[in-house]
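Notes follow once the structure below has been shown.
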Amino acid sequence: MEAIKFTDFTYYYPNTTKSAIENINLTIEEGEFILIVGPSGGGKSTLLRAINGIVPNFYGGKIKGSVSIYNKNLREYSNREVISKVGFVFQDPEKQIIFNSVERELAFGLENLGYDQKDILRNISEACALFGLNDIRNKNTQNISGGEKQKVEIASVIAMNPEIILFDEPTSQLDPISAEEVSNSIIKLNKDLGKTILVVEQNIDRFIEFADRILFVNEGKIIKDFRKDNIFEYNSDI
Ligand code: ADP
Ligand code: ADP
């Protein structure tokens, strides 16, 4: 089953004359684990943003071509449908946390989607169990570590049960131990729960043996698409 498909997709941020990503054709199957690598400014974040529609909906600007999720053009989904199908975890947990209470932070997305209290509690409990967060569930978000904050953010996304989860440099702000824990959680989402995962990541060592593909993105294009059979050529090739 096809999870994501870009067709001749080009995007310009507002007031720019150069495209941020250009003529992207890319198909991602359900359950794939994809790493996205490449130099800064190459278009990695923009590629992710196009999958949950914040490019162009939030940023503005203009597109050519289309992005489809499960064989339906993203434009035909409501915002609510996109949020519940496509989760997005950002780089810096400090900038994502809104509430003082971990529990509230976990509940926020589900509240916005209109879930009732019973379902919210059930989904939060499942997500906490998955990430070993039960001990900090009743804490203040100011009193937990950076790694715990990032796990709370991931759990709050998982609680919404998205089929696709996008991670934009999820470990770059974390200490090595937290980074390892968060990486393992991401791998688990793919291997144990079958989620379709795309991770923009500079340090691919933790992920490479679990990845199905590595996309090397530069100058707004997918320059290389390494598959299982040649994925270990990645290091020597570029
Ligand atoms: P990263 O490389 O980690 O994606 P950046 O530091 O390049 O992040 O960008 C941080 C923020 O600044 C992002 O929200 C991005 O959209 C925005 N940004 C990046 N480049 C530009 C630009 N040329 N003009 C305006 N905003 C930009
Ligand atoms: P990467 O994630 O690989 O660092 P980005 O997707 O952030 O690359 O950026 C791709 C291009 O789009 C860059 O030229 C960057 O400057 C530009 N860009 C990113 N965000 C913005 C923004 N908010 N406004 C204008 N230009 C942006």
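Any read-out appearing in this document is the output of simple, stated calculations on the displayed coordinates, not a laboratory observation. In this text the structure is predicted, and so the values were computed from the model without any measurement. Methodologically, a virtual Cβ is constructed for each residue, glycine included, from the backbone with ideal geometry; neighbour enumeration extends over all protein chains shown.
In whole Hz, with x marking every Gly and Pro, tabulate ³J(HN,Hα) for the range 182-192 from phi via Karplus 6.51 cos²θ - 1.76 cosθ + 1.60, θ = phi - 60°.
5, 4, 5, 4, 5, 4, 4, 4, 7, 6, 8
Once you've got the Cα coordinates, tell me which of K64/K224; K18/K85; K62/K188 are over 27 Å apart.
Details: K64/K224 22 Å; K18/K85 30 Å; K62/K188 36 Å.
Too far apart for the 27 Å limit: K18/K85; K62/K188.
At 222 nm, what helix-only mean residue ellipticity would the chain give, in deg cm²/dmol to the nearest 500, using -39500 (n - 2.57) for each DSSP H run of four or more?
Values: 9 runs with 82 residues, N = 238.
Dividing the helical sum by the residues of the chain leaves -10000 deg cm²/dmol.
Lys and Arg at +1, Asp and Glu at -1: add these up for the other residues within a Cβ distance under 13 Å of D92 and post the number.
Numbers: positive: K95, K149; negative: E94, E153, D168, E169.
So the surrounding residues net to -2.
For S172, what is the net charge nearby, where nearby means another residue's Cβ is under 10 Å from its Cβ and Lys, Arg count +1, Asp, Glu -1?
Details: positive: none; negative: D92, D168, E169, E201.
Cβ neighbours under 10 Å give a net charge of -4.
By the scheme Lys and Arg +1, Asp and Glu -1, what is the net charge of all other residues having a beta-carbon under 11 Å from that of Y13? List each step's numbers first, then the result.
Details: positive: K18, R49, K62; negative: none.
With Lys, Arg at +1 and Asp, Glu at -1, the net is +3.
Anyone know which of I223, I154, I164 comes out most mobile in the 10 Å Cα GNM of the chain?
Among I223, I154, I164, the largest mean-square fluctuation in the Gaussian network model of the chain belongs to I223.
If you plug each phi of the range 153-169 into the Karplus form 6.51 cos²θ - 1.76 cosθ + 1.60 with θ = phi - 60°, what whole-Hz ³J(HN,Hα) values come out, in order, with x for Gly and Pro?
5, 5, 4, 5, 6, 4, 4, 7, 6, x, 7, 10, 10, 10, 10, 9, 6
Please figure out what share of the DSSP beta bridges in the chain is antiparallel and state it in percent, rounded to the nearest 5.
55
Can you figure out the FRET efficiency of D116 with N140, using R₀ = 22 Å and their beta-carbon distance, to the nearest 0.05?
On the way: r = 26 Å, r/R0 = 1.18.
About 0.25, to the nearest 0.05.
For the range 118-232, what relative contact order do you get, as a whole percent, if you take Cα pairs closer than 8 Å and at least 6 residues apart? Intermediate results must be reported in sequence, preceding the final value.
On the way: 104 pairs, mean separation 22.3, N = 115.
The value is 19 percent.
Per-residue HN-Hα couplings for the range 69-74, Karplus 6.51 cos²θ - 1.76 cosθ + 1.60 at θ = phi - 60°, whole Hz, x for Gly and Pro?
Each residue's phi maps through the Karplus curve to give 10, 6, 6, 10, 4, 3 Hz.
Got the relative contact order for the range 15-84 handy, in percent, Cα pairs under 8 Å and 6 or more residues apart?
On the way: 30 pairs, mean separation 16.6, N = 70.
Dividing the mean separation by the residue count of the range 15-84 yields 24 percent.
For the chain, calculate the relative contact order in percent as a whole number, restricting contacts to Cα pairs under 8 Å that are 6 or more residues apart.
Values: 445 pairs, mean separation 66.2, N = 238.
After rounding, I find 28 percent.
Along the charge dipole of the range 94-238, pointing to its positive end and built from +1/-1 on Cβ of Lys, Arg, Asp and Glu, which listed residue (I222, F131, S183) has its Cα farthest out?
Sorting the options by dipole projection puts first F131.
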